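Heads up, the thing below is written out as C-alpha cells.
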Amino acid sequence: MEWLIFGFLSTWAVLSVLGVLFLKNPIHALLSFVSLILAVAGMFLHLRAELLAGLQLIIYAVAIVVFYVLVITTIPWEKVKRFEGFYKREFLAGFPILLVSFALFAYAILKGSFAKVGLEVKDNVKEVSKSLFTTYLFPLEVASVILLTAMIGAILLGRKEE
Amino acid sequence: MNWNILIPELTLSLGILLVFILDLFASKKHYRTLLYMSALVPVFSLLSLFLVQHPAKGFFDLFEVSAVNLLGKAVLYVLTSLSLFAMQDYYEKKGSVYTELSYIPLVATLGLSLLMSSANLVLTLLSLELASISMYLLVSLFREEYLSKEAGFKYLLMGAVATSMFSLGSAFYYASTGSLFLKEYRDENSLFTLSLLLILSALALKASAVPFHFWTPDAYEGAPTPVTGYLSSAPKVALYFFFVQLLTYFHHLKQWLLLLAVLSLLSMFYANAVAYVQRSVKRLLAYSTIAHAGYFLLGIATVESTLQRALLFYVSLYAFASLGSFVIMSVLEKKEGFSHHLLDYKGLYKEHPVLASLFALFLFAFIGIPPMALFVGKLGLFMGLVETLLLPLAFAFVLASILSAGYYLRVIVLMFLEEGERRFPPARVSVGEALTLLLCSFLVLLLGVFPHLLYDLIRL
C-alpha cells in the first residue's frame, strides 16, 4: 500500500517537473509548478511530516506562487525572447550523461545502508521547533542575513536607474 | 557558552549594520567616506582575532575556531579591506556609484568567514549561500553594462546548480550518517560516497575547477574589474581553508584521491590550453584562476601536513598576487576606450613603467619565478606530492606550470618589447589603489624572500 501511494505521488511529481520544463506558456508552467508542490506536500504527509507538508503548502503554494504570478504579470512579454526551438545537439550530448548519473545515483542509493535515526517522533511541531531554536539557532540567524541581502539586491537590481 | 569565538564576525556584522544605516541617510557625495569606512571594518575584525581563545567550539558545536582557520580569517580580512580600498576610484570614474556597494563585499566576507569555521553542513550551506548571493550582486551591479548583468545571471544559474547539489549531498550525508555534523565515518557505504561526490562537486563549482568552470570566464570578464579581483582572491582563500578541514573527515575514502586527481588534472591542462587562445587579458587571467584551482586541489589529495601547509601558503599568496593584477587592470580600464584586448597592452611599459612592472611582477609570480612567494608555494606543493609518493601528480603539476608560462610571458613581451599602436589618455592611480598594489606586491616579494614569516604560523 505504501509503495502504491509513493509511486503515485512520485510519478505525479516527475510529470509536473517535466511540465515546468517543457510547457511554453508561462502560466501553464506555473500551474504545473503548483502541482509539483502539491505532490511534494503529499509525500511529506505520507512520511508523517505533517508540519513540513503544511509549511510547504503555506509557503510555496501560496506565498511563492503569488510572487511568481506578480512577476509574470509585470514582465513586458513583447520584449521577451521567444522560444527558439528545441536544443537538439545539446540534448543529445547531455542525455547520456544524465542516464549515467541517474544509474549511478540509483545504484548508490539502493546499495547504501541508511542510518537509524532516533525514535519515533510524536509531535512534529515540538521537535522541529526544539532543534530550530537550540542546535540550529545560529544557522537560522544566518538565514535571516541571507534574506536581507537578497532583498537589498533585488531592490538594487530591480529599480529604475536615474 | 563561549562568546568570544564569534568576536571577529560580530565586529564585521556591527560594521555592516553601521555602514548600512549611514548609507540610508547619506547622499551619493558621501560615497567615498562610506567606502573607506567599510574598508576599515575588516581591519577591526582583524584586530579582534587576537581576542579569540582557540581552539574552541560553540553554538551547539556548530561553530569551531582553531589556529588555522583564524589565520585564514586574517588573510580574508586583509584581502577584503584591500579590495574595498581599490574599488572607490574605479566606480567613480566609470560613473557607476552605488553606495550600497560599500557594504555588500563585507556581507560576502561575513559568509566566507563563517564558512571557514563551520562544522555542520547546514551552516556550511547557508554561509556559502550568503557569500554567493552577495557575489552575484557584486558582479551584476555595474551601471549600463549589459555584460555585467549577463555575467551575474550566468553566475546565479550556475551557483543555483551548486546549491542544489550541495543540499542533495547533505541529504544523503544525513541519510547515511544520521547527523549533519561533519565527523569521521568509516563504514563502507555507497550512500556516503554519493553524498561526498555531490558535496565535492558543489564545492568544486565554487572553486571553479573543470568541469564545473563554465561560469568563471564570463563572470570574471563581465564583472567590474575590482570585483573580479575580489572574486579571484577572497573566496578562494576561504574555500581552501575549508577544504583542508573537510579533508580530515573524508580523506580515508578511496574515491577521494581519484576524484581530486581527475578534477585537478582536467583543470590544469584544460585551462592552460584554452588560455592560449584568449584575446582578452581579463579572460586569460580567469583561465589562469581555473588552472590554479587545479594546482590547489592537488594540495588536498591526501593528508600530509607538509602538503596542506604548502597549499595554504600558496593559496594565500596567490590571492594577493591575483588581487594585485586585477587592480592594475582596473586602473588601466579607467582610460577612455581601453578594453582588455591583448593589443591594448602593447607598449604599456612606455606609458606606465611602474604599472607595467608591477603587472609583470604578478605575472612572474603566477609562473613561479623564484624571488616571488608563489614559487615557495609551488615548491612546497611539489615536495609534498613527492613525499606522499604521488609522483605522477607531481610531474603533471610541473608540466602544467611550465605550459602556463607561455601565455603569461606573451603578455609581458607585449607590454615591454613591442610598440603601442593605440594612444590612450593617461590613467591616474588613486590612493586606495596605490595602497592595495603596494601591499600586494610587498607581501608577494617579502614572503618570497622570508617565507617562514607566514609558513611558521600555519600549524596543522
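In the set B:LYS57, B:LYS73, only one residue is within 26 Å of A:LEU147 (Cβ to Cβ) and of a type in the set (Lys, Arg); that residue is B:LYS73. Would it be correct to say that A:THR149 is at the interface with chain B (Cβ under 7 Å from one of its Cβ atoms), in contact with a helix residue (DSSP H, G or I) (Cβ under 6 Å, 6 or more places away or on another chain) and either β-branched (Val, Ile, Thr) or exposed (fewer than 12 other Cβ atoms within 10 Å of the Cβ) (or both)? In short, yes.
Residues of region B:368-397 that are open to solvent by less than 50 Å² (accessible area, probe 1.4 Å) and among the aliphatic types (A, V, I, L, M): B:MET372, B:ALA373, B:LEU374, B:VAL376, B:LEU381, B:LEU385, B:LEU390, B:LEU393, B:ALA394, B:ALA396. Looking only at region B:169-179, residues that are facing another protein chain (nearest Cβ under 9 Å) and either at pLDDT below 90 or farther than 20 Å from B:PHE59 by Cα (or both) come to 6 in all.
The residues in region B:1-10 that are part of a helix (DSSP H, G or I) and open to solvent by 20 Å² or more (accessible area, probe 1.4 Å) can be counted, and the count is 4.
Taking the conditions (1) more than 15 Å from B:SER325 (Cβ to Cβ); (2) open to solvent by less than 10 Å² (accessible area, probe 1.4 Å) in turn, B:HIS252 satisfies each one other than (2). If the condition is being among the aliphatic types (A, V, I, L, M) and open to solvent by 80 Å² or more (accessible area, probe 1.4 Å), then region B:11-42 contributes B:LEU14, B:LEU17, B:LEU18, B:ILE21, B:LEU24, B:LEU40. Restricting attention to region B:197-213, the residues being within 13 Å of chain A (Cβ to nearest Cβ) and at pLDDT below 90 number 1. For region A:83-99, the set of residues classified as assigned to a helix (DSSP H, G or I) and either among the basic types (Lys, Arg) or open to solvent by 100 Å² or more (accessible area, probe 1.4 Å) (or both) consists of A:LYS88, A:ARG89, A:GLU90, A:LEU92, A:ILE97, A:LEU98, listed by residue number. Of the residues B:PHE326, B:PHE313, B:PHE320, the single one that is at pLDDT 90 or above, farther than 16 Å from B:LEU454 by Cβ and among the aromatic types (Phe, Trp, Tyr) is B:PHE326. Pick from region B:398-426 the residues that are touching a residue at least 12 places away in the same chain (Cβ under 8 Å) and among the β-branched types (Val, Ile, Thr): which of them is most open to solvent (accessible area, probe 1.4 Å)? Within region B:398-426, the match that is most open to solvent (accessible area, probe 1.4 Å) is B:VAL398.
Of the residues making up region B:115-128, those that are touching a helix residue (DSSP H, G or I) at 6+ places or on another chain (Cβ under 7 Å) and open to solvent by less than 10 Å² (accessible area, probe 1.4 Å) are B:LEU115, B:MET116, B:SER117, B:SER118, B:LEU121, B:LEU123, B:THR124, B:SER127. Filter region A:109-146 for residues that are outside any helix (DSSP H, G or I) and within 11 Å of chain B (Cβ to nearest Cβ) and give the result. Result: A:GLY112, A:SER113, A:PHE114, A:ALA115, A:LYS116, A:VAL117, A:GLY118, A:THR134, A:THR135, A:TYR136.
Of the numbered criteria (1) open to solvent by 100 Å² or more (accessible area, probe 1.4 Å); (2) in contact with a strand residue (DSSP E or B) (Cβ under 9 Å, 6 or more places away or on another chain), the one A:TYR136 fails is (1).
May I ask you to list the residues in region B:387-397 that are part of a loop (DSSP other than H, G, I, E, B) and either at positive phi or without any contact (Cβ under 8 Å) to a residue 60 or more places away in the chain (or both)? Within region B:387-397, just B:LEU389 meets the criteria.
The values are calculated or read from the model by the stated rules, or taken from the named source; none is laboratory data. Computed from a prediction, not measured in an experiment: that's the story for all the values here. Positions of Cβ are backbone-derived with ideal geometry, glycine not excepted, and every protein chain shown enters the neighbour counts. For the accessible areas, the whole protein counts, side chains as well, though only heavy atoms, and no ligand, DNA or RNA atoms are used. Shrake-Rupley method; radii C 1.70, N 1.55, O 1.52, S 1.80 Å.
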